[in-house]
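The values are calculated or read from the model by the stated rules, or taken from the named source; none is laboratory data. Bear in mind the structure is a predicted one, so any value in this text is a computation, not a measurement. We place every Cβ from the backbone using ideal geometry, glycine too, and count neighbours over all the protein chains shown.
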Amino acid sequence: MNAQWIDIPNVDKAGFSGYLSLPPTGRGPGIVIVQEIWGVNSHIRAVADQYALDGYVVLAPDVFWRQEPRVDLDYEGEGRSRAMALRQAVDDAQAGADVAAAAEYLKGLPEVEGGVAAVGFCLGGQLAYRAAAAGKVDAAVAYYGGGIQNSLELAARITQPILFHYAELDKLIPAAAVDSVKGQFTGRDNAGFFTYSGVDHGFNCWGRPAYDQKAAALAHGRTLTFLAEHL
């Protein structure tokens, strides 16, 4: 892969960076891939590379840079404890503004042709939603976006296309929470919702026990269709 870490300078202080992965052609529409609480780890970098192979210029910003730059955490043991601590230290509104800044920076790269979307996972799903509410992306995708149900006041600001993926067995985002998000988009034609039966939170991550190949492939295909239609 043609990938490297780059600085993202358009924020309030130095030190913000992200993993940039280019498609084989070197050019294409842009995607901001937004991490889970485990950092821009090997899985998120692989997801970025996956979308780059699909023809997109992909930037995965380091959401935890204000707390601890470039963490790369495991899913169990000390990695899990550290991830939970970092999650508690993050200001979601500030992190959402950082993701929006990353999207603006990505739009300005000469390799980007066309629109820019945000695709986020768990915490990253919420931050993609926030970037959409800020008007800084042309489309957004939230995989089991943690905390969106607690930020429903932002939904009215989202006029661009947005896609939500949820897991039926997700105890962190129960059906009532999903319904509350859906309710904010009732009567509007810019939002799509998919719930995947028999799977749990994190089903897209092949490094976790919750990984489900069928659901992950189906969600990826739907995401690619959505992005092709709107970027």
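Details
- Subset tally (residues that are in contact with a Pro (Cβ under 7 Å, 6 or more places away or on another chain) and hydrophobic (A, V, I, L, M, F, W, C)) for the stretch 54-111: 3
- Among residues of the stretch 127-143 being at negative phi and either at pLDDT below 95 or assigned to a loop (DSSP other than H, G, I, E, B) (or both), the one that is surrounded by the most Cβ atoms within 10 Å (Cβ to Cβ) is VAL137.
- Condition check for LYS107: touching a strand residue (DSSP E or B) at 6+ places or on another chain (Cβ under 6 Å) and among the basic types (Lys, Arg): yes
- Selection within the stretch 173-209 - modelled with pLDDT of 95 or more, in contact with a His (Cβ under 6 Å, 6 or more places away or on another chain) and surrounded by fewer than 16 Cβ atoms within 10 Å (Cβ to Cβ): PHE194
- Only one entry of GLY192, GLY198 meets the criterion of being assigned to a strand (DSSP E or B) and among the small types (Gly, Ala, Ser), and that entry is GLY192.
- Residue in the stretch 112-126 that is surrounded by fewer than 22 Cβ atoms within 10 Å (Cβ to Cβ), at pLDDT 95 or above and out of contact with any Asp or Glu (no Cβ under 9 Å at 6 or more places or on another chain) present: yes
- Failed condition for ASN10, given (1) within 13 Å of ALA103 (Cα to Cα); (2) buried (at least 16 other Cβ atoms within 10 Å of the Cβ): (2)
- In the stretch 13-39, the residues that are under 15 Å from ALA118 (Cα atoms), surrounded by fewer than 24 Cβ atoms within 10 Å (Cβ to Cβ) and either of a type in the set (Ser, Thr, Tyr) or without any contact (Cβ under 8 Å) to a residue 12 or more places away in the chain (or both): TYR19
- Qualifying residues in the stretch 144-186 (those that are in a loop (DSSP other than H, G, I, E, B) and free of Cβ contacts under 8 Å to residues at least 12 places away in the same chain) - the one nearest to the chain's Cα centre (by Cα): PRO174
- Residue selected from the stretch 156-172 under the condition surrounded by fewer than 20 Cβ atoms within 10 Å (Cβ to Cβ) and hydrophobic (A, V, I, L, M, F, W, C), by the criterion farthest from ALA131 (Cα to Cα): LEU169
- Unmet requirement for HIS220, which otherwise passes all of (1) modelled with pLDDT of 95 or more; (2) within 19 Å of VAL34 (Cα to Cα); (3) in a loop (DSSP other than H, G, I, E, B): (3)
- Residue within the stretch 33-40 that is over 14 Å from the mean Cα position of the chain (by Cα) and either hydrophobic (A, V, I, L, M, F, W, C) or within 25 Å of PHE226 (Cα to Cα) (or both) present: no
- Qualifying residue in the stretch 196-203 (condition: touching a residue at least 40 places away in the same chain (Cβ under 8 Å) and among the hydroxyl-bearing types (Ser, Thr, Tyr)): no
- The one condition in (1) closer than 22 Å to GLN160 by Cα; (2) free of Cβ contacts under 8 Å to residues at least 12 places away in the same chain; (3) not aromatic (Phe, Trp, Tyr) that GLU76 fails to fulfil: (1)
- Single residue of TRP65, TRP5 found to be of a type outside the set (A, V, I, L, M), within 18 Å of the chain's Cα centre (by Cα) and surrounded by fewer than 18 Cβ atoms within 10 Å (Cβ to Cβ): TRP5
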